[in-house]
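One structure is given here, and the rest of the page talks about it.
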Amino acid sequence: MKSTPQKGMVIWILGLSGAGKSTISNLLEEQLQRENIFSIQLDGDELRAGLNKNLGFSMEDRAENIRRAAETARIMAAKGIIVICSFITPLNAHRAIAREILGEMYFEVFIDCPLSVCQERDVKGLYKMAGNNTLKNFTGISSAFEKPENADLVLLTEDQTPQRCCDHLYAAISPRLAGLQLI
């Protein structure tokens with residue numbers, strides 16, 4: 001029995017630092033693996049440690065960070081990979097860059113979590129550093145974050161567990177994954 005060739009797509013997960021992007025991305029990748037659907041994660045922190053280590057946090061550098069990530073995701077998705085991208089992606093203009101590059105492969109997921117909750121979580125200690133002015137251009141504090149205008153899915157992580165959010169996300173992308181198997 002031949003398996004159906006996997007059609008790639010890019011699930012672009014965005015939101016403030018501490019909103020739950022990486023947690024939900026990890027859970028989604030585990031779910032896809034259980035379903036024998038090949039996927040890979042592209043995480044903003046990881047790309048900034050390598051491919052994008054020459055970029056800062058000005059709006060121009062943030063736009064270039066997103067452009068490079070979207071181009072990388074496009075190449076992978078064109079080869080049939082489900083690419084899960086976790087990037088703050090602070091401005092609607094940045095999302096437009098990703099959407100333009102990725103076209104119909106793009107599925108935008110906004111992890112909506114109030115800034116106050118993200119600050120309480122402060123997993124990496126970044127909000128504390130931003131509050132002490134030791135971290136400049138920090139999204140939500142000293143740099144803008146615009147709520148998405150056209151997200152395909154909005155997940156509320158203040159009131160819902162990461163697993164429940166992942167379940168909602170998986171249900172939303174399932175129609176696009178129907179019949180896919182590991183190739």
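The values are calculated or read from the model by the stated rules, or taken from the named source; none is laboratory data. Everything numeric in this text was worked out from a predicted model, so none of it was measured. Don't worry about glycine lacking a Cβ; one is built from the backbone with ideal geometry, like all the others, and counts go over all protein chains shown. Heads up: the accessible areas ignore ligands, DNA and RNA and are worked out on the full protein's heavy atoms, side chains in. Shrake-Rupley method; radii C 1.70, N 1.55, O 1.52, S 1.80 Å.
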- Task: Provide a single number: the residues in segment 20-51 that are in contact with a helix residue (DSSP H, G or I) (Cβ under 7 Å, 6 or more places away or on another chain), surrounded by fewer than 19 Cβ atoms within 10 Å (Cβ to Cβ) and assigned to a loop (DSSP other than H, G, I, E, B).
- Result: 2
- Are any residues in segment 97-145 more than 16 Å from residue 158 (Cβ to Cβ), buried (at least 19 other Cβ atoms within 10 Å of the Cβ) and of a type in the set (Ser, Thr, Tyr), and if so, which ones? 106, 139
- Out of 75, 66, report the one residue that is part of a helix (DSSP H, G or I), among the β-branched types (Val, Ile, Thr), farther than 18 Å from residue 176 by Cβ and touching a helix residue (DSSP H, G or I) at 6+ places or on another chain (Cβ under 8 Å). 66
- Do we find that residue 128 is of a type in the set (Lys, Arg) and farther than 21 Å from residue 65 by Cβ in this structure? yes
- Message: Considering only segment 70-87, I want to know if a residue exists there that is crowded, with 19+ Cβ neighbours inside 10 Å and acidic (Asp, Glu).
- Response: no
- Item | Odd one out for residue 124, checked against (1) within 16 Å of residue 15 (Cα to Cα); (2) over 18 Å from the mean Cα position of the chain (by Cα); (3) among the basic types (Lys, Arg) | (2)
- Message: List the residue pairs whose Cβ atoms are under 9 Å apart, where the first residue sits in segment 89-109 and is more than 20 Å from residue 25 (Cα to Cα), the second is of a type in the set (Gly, Ala, Ser) and at pLDDT 95 or above, and the two are 6 or more positions apart or on different chains.
- Response: 97/70; 100/70; 101/70; 101/73
- Query: How many residues are in contact with a Phe, Trp or Tyr (Cβ under 6 Å, 6 or more places away or on another chain) and not hydrophobic (A, V, I, L, M, F, W, C) when one looks only at segment 143-165?
  - Reply: 2
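Among the residues of segment 146-156, what is the count of those that are open to solvent by 70 Å² or more (accessible area, probe 1.4 Å) and either hydroxyl-bearing (Ser, Thr, Tyr) or within 13 Å of residue 107 (Cβ to Cβ) (or both)? Please lay out each step first, then the result.
Going through segment 146-156, the residues open to solvent by 70 Å² or more (accessible area, probe 1.4 Å) turn out to be 146-147, 149-150, 152, 154, 156.
Pick out the ones that are also either hydroxyl-bearing (Ser, Thr, Tyr) or within 13 Å of residue 107 (Cβ to Cβ) (or both) and you get 150, 152, 154.
Residues in segment 146-156 being open to solvent by 70 Å² or more (accessible area, probe 1.4 Å) and either hydroxyl-bearing (Ser, Thr, Tyr) or within 13 Å of residue 107 (Cβ to Cβ) (or both): 3 in total.
Would you check which residues across segment 92-147 are assigned to a loop (DSSP other than H, G, I, E, B) and among the basic types (Lys, Arg) and list them? Lay out the reasoning, then the answer.
Initial filter on segment 92-147 (assigned to a loop (DSSP other than H, G, I, E, B)): 113-114, 122-125, 132-138, 140-142, 144-147.
Of everything in segment 92-147, those that are assigned to a loop (DSSP other than H, G, I, E, B) and among the basic types (Lys, Arg) turn out to be 124, 136, 147.
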- Contacts under 9 angstrom Cβ, first residue in segment 166-177 being farther than 11 Å from residue 11 by Cα and modelled with pLDDT of 95 or more, partner in a helix (DSSP H, G or I) and open to solvent by 40 Å² or more (accessible area, probe 1.4 Å), 6 or more apart: 166/23; 166/26; 166/30
